[in-house]
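Written out below as C-alpha cells is the structure these notes cover.
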Amino acid sequence: MTLASVAMNSLLLRPLPSATTSGSLVGRVSPAAQRRPGAVAWPRDGRCRRGGVAAAGAWMEEAGTAVLEEAVRRNPALSESYRPAGLPRPNGTVLEAQGRVCTGPEQTRPLGEEQAMRVLDTILRSATGELKDEPVSSAQLGAFFAGMTIRANCFPEATQWSEGERRAMSLFWPRLVHVLPPEVKFIADPEGTIMGANGLTGPRYIGQGTAEMRLVGALREVLAGGHLGYEEIQCVLKDVLPFGSMGASSPSVSEALLAAFLIGQRMNRETDRELKGYCLAFDDELGPPPIADVNSLTHYGEPYDGNTRFFRSTLFVAAVRACYGEACLLHGVEWMPPKGGITEGQMLKFMGANTHLSPTQAKTLLEDKDTGFAYLNLQEACPPLYSIIGLREHIKKRPPLATSEKVQQFVRARGRESMVAGFYHVGYEDPLLMLMRRRTVHAGLVVKGEEGALSLTTKERSAHASKGIPVNHCSGFRTPSSANFSETDGISRESFRVAVNAQELGFKSTETPRTDKSVLKNLELGLSALGGDKGPAYDRIVLNAAMADHLLGCSGAQDINSALDRAREAIDSGNALRRLMNYIKISHKVS
C-alpha cells in the first residue's frame, strides 16, 4: 500500500478534530508513526492533536465516510491527475520541437537536420491522416510554423534557421503545401518571401468572418516581428474568446491562427501596451468587481502552472496573514500547462473545499472573521481566459497571458490593496510592476522565488549559483512612510529592491522540501508546519508571511523582527490552522 493510500485511509477512518477547537494542536505521536518517515502521525488515543495531513480531516465533520471516500477517488494525490478530462493531447514529436523554436531571440535552439526531418515528416503523415492515435493538432501547426516564420523574418543570425532546417524544409514543403490548410500555409509564409514559388497562399489569405479577418491582419504584423497597440490587443481577444469546447460558444477563428498569435506575441517580447491589453481585456466580464469590507487585501499572483519540484507555501502563508487582519485573495486554476504542477486549487480541492466560488462568494470569505482569505478559480472569475487552457498546452511555451493573469483584481477592497506576483525570466520584473501600478494598488511586490513562484527560500545561496537575478530577489513599491517618493497614477509610492538573506534574519540554511508533483506531500508539509512542527516548511511559511508584510508596508510590520514574531505566533497559537480548517467548511456554506 502506498504512502498516499495509508495517509488517506487514516484520514477516513480516524476521528476528526473540530475546526473551531482552540489551544495547541501539538501532542505526542505514536511510536509507529515516528518510525515511518512522512507517515501521518496519530496519537494513541485516536484523536488528532498534531498538525499534518491528519489535520486536513477536520473539514466538514458532518460528511460521512462514504462521502469522504468518494472525495478521495475524485481528488488524486498527484498534480498531473488534475488535467481536465477530455482534452486531446498534443503530438509529442512536434511539441518537443516547439519547446526549442517557439521561444525568444536568445533562447531559441535551432533544430538539427535529423530532428527537423522527423518533425516535418510527422506533420506530413498527420496531415495525410496516417497518425490516428497522435495527430498533430491545428494549434501545434500554428505555433510551430509561427515560430519558424518569426525566426526567419526577424531573429538574430544565431537563432534563425539552421542549415539542417533549411534542407529539411526544402525537401518537405513541396509536399506539405498540398495537404496543409490555407491558414497554416499563410502562417508559414505570410508574405511569400520564405518558401519561394510554393508560398503563394500567404499574401492572398484574409481569413473567414469578421473576427478571423481582424486576427489575420494583426497576425501579419506579429509574424513580421512587429507589435500592436492596446486597443488592437483588446479587440482581438474579445473577438476570439471564449474559445472552443471549454468556452461558451464554438470557435469564431481557426485554432492555428490563435495559437500563432499567442506564441508570436511572446516570441516578439510583448511591449507594455500589449501586456496592458492582455491584463485589462476582461476586467468587466462579470460586471464591476465586488468590494470587500476589509482594511487590507493582498492579491496573490502565483504562476498558474504550479510547482513541480519544491514546496509551495502560499496557501499556508495566506492562512497565517489572515490571522492578523491581512486578508489574502488567491486565484488560479486546478491545472495549467506547461508545467502542470501543484496549485492552490488542487490542495484545497484535495482537502474538500469548494473551489468553484464566485467573486461575490470570495468577498464573503474575505470578510468572514473565521477565515479572512479566499481562493478563486479562473473558470468562475474569468471564463474567457479559462477557455484556452487546452490550446495553451498545444502551443507548449507560455503565452503573454501567463504574465498578465497574475495581476488581476477579481475583488476590490474598501481599504488598502496590495499585489504580489512571482517571476522567473529576465525582462518580466518591470512589466509586472507596471501592470500593478496600472491597477492603482497601494503596494506591489514581485518575487523571484523558487521555481519562479512566490516562495522565498531559507537556503543559503551557493557561491557557484548561476549568474543573473538570484532566488529571493524582491522589488516593488509601497505607500511611503516619508516624503521621499514620486507620484504615479495619482498614488504616492516609494520603490525598493532587495535580495532577502534568510540567514541574516536568524534562519538556519536548509534544503527546500521536495514535493515532486505530490499534492499530498505538499499538504503534509504545510499542515504539519501550521500544526507547530518546526522545520524547513515552517520556516518558509514564516519567512514568506513576514517579508510580504514588511515589504508591502503593512501595519505592524515596519520592523522585520516584529513581523517574524507575529507570523510565528499565528502558527504556534493554532490560529492559522484553524482558519484553514474553517475555510474548508465555510466555503460550502457561502451564498
In percent, how large is the relative contact order of segment 92-269, given Cα pairs closer than 8 Å and 6 or more residues apart?
28
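Structure shown: which of Lys369/Lys585; Lys276/Lys369; Lys349/Lys585 lie over 23 Å apart, alpha-carbon to alpha-carbon?
Flagged as over cut-off: Lys276/Lys369.
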State the Cα centre-to-centre distance between segment 136-168 and segment 403-422 in whole Å.
37
For segment 334-342, Karplus-derived ³J(HN,Hα) couplings (6.51, -1.76, 1.60; θ = phi - 60°; whole Hz; x for glycine and proline) come out as 5, 8, 8, x, x, 7, x, x, 6
Amide H within-cut-off set for Leu78, under 5 Å, with H built and near neighbours excluded:
Val519
Simple spin-label model, 7 Å along Cα-to-Cβ: Val179 to Lys534 in nm?
6.7
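Using 0.36 nm per residue of separation minus the Cα-Cα distance, give me the extension gain between Arg414 and Arg167 in nm, one decimal.
Values: separation 247, 0.36 × 247 = 88.92 nm, distance 6.24 nm.
So the extension gain works out to 82.7 nm.
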Spelling out what I want: for every residue of segment 378-390, take phi, set θ = phi - 60°, compute 6.51 cos²θ - 1.76 cosθ + 1.60 (Karplus), and round to whole Hz; glycine and proline get x.
4, 4, 8, 6, 7, x, x, 6, 5, 5, 10, 4, x
Once Phe496 and Glu191 are pulled to full extension, the length gained, defined as 0.36 nm per residue separation minus their Cα-Cα distance, is 105.1 nm
Ignoring everything but the protein chains, give the 1.4 Å probe accessible area of Glu183 in square angstrom, nearest 10.
40
Give me the lysines in straight-line cross-link reach of Lys185: C-alpha distance below 24 Å, same-chain residues under 8 apart excluded.
Lys132, Lys396, Lys397
At 7 Å along Cα-to-Cβ for each site, give me the label-to-label distance between Arg204 and Ser591 in nm.
6.3
Could you list the trypsin sites (Lys or Arg not before Pro) in segment 355-435 that lie in coil according to DSSP, counting only those with at most 15 other Cβ atoms within 10 Å of their Cβ?
Lys369, Arg414
Amide proton proximity set for Ala499, modelled H, under 5 Å, gap of 5+:
Cys474
Listed by chain and number, the residues whose amide H is under 5 Å from that of Arg493, excluding neighbours fewer than 5 places away on the same chain and using placed H, are Ser486, Thr488
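Checking the table Lys238/Lys517; Lys406/Lys508; Lys238/Lys467; Lys339/Lys459 against a 29 Å threshold on Cα-Cα, which pairs fail? Numbers along the way, then the final one.
Details: Lys238/Lys517 34 Å; Lys406/Lys508 31 Å; Lys238/Lys467 40 Å; Lys339/Lys459 23 Å.
Pairs exceeding the cut-off: Lys238/Lys517; Lys406/Lys508; Lys238/Lys467.
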Net lengthening on full extension, Ser81/Ile560 (0.36 nm per residue, minus Cα-Cα)
168.5 nm
Residues of segment 118-139 with backbone N under 17 Å of the label point set 7 Å from the Cα of Arg109 along Cα→Cβ are 118-119
Computing the accessible area with a 1.4 Å probe over protein heavy atoms, can you report the carbon and sulfur percentage for segment 290-590?
48
Heavy-atom SASA rank of Leu262, Leu171 (probe 1.4 Å, accessible area, largest first)
Leu171, Leu262
Probe 1.4 Å, all chains present, heavy atoms only: Arg273 accessible area in Å², nearest 10, is 130
Determine ³J(HN,Hα), in whole Hz, for all residues of segment 507-517 in sequence, where each value follows from phi through the Karplus function 6.51 cos²θ - 1.76 cosθ + 1.60 and θ = phi - 60°; x replaces Gly and Pro.
8, 6, 5, 9, 5, 6, x, 8, 10, 6, 6
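The values are calculated or read from the model by the stated rules, or taken from the named source; none is laboratory data. It should be emphasised that the depicted structure is a prediction, and the values quoted were computed from it without experimental measurement. Neighbour counts are summed over all protein chains in view; Cβ atoms, including those assigned to glycine, are modelled from backbone coordinates with ideal geometry. Side chains are part of the model used for accessible areas, which takes the heavy atoms of the whole protein and leaves out ligands, DNA and RNA. Shrake-Rupley method; radii C 1.70, N 1.55, O 1.52, S 1.80 Å.
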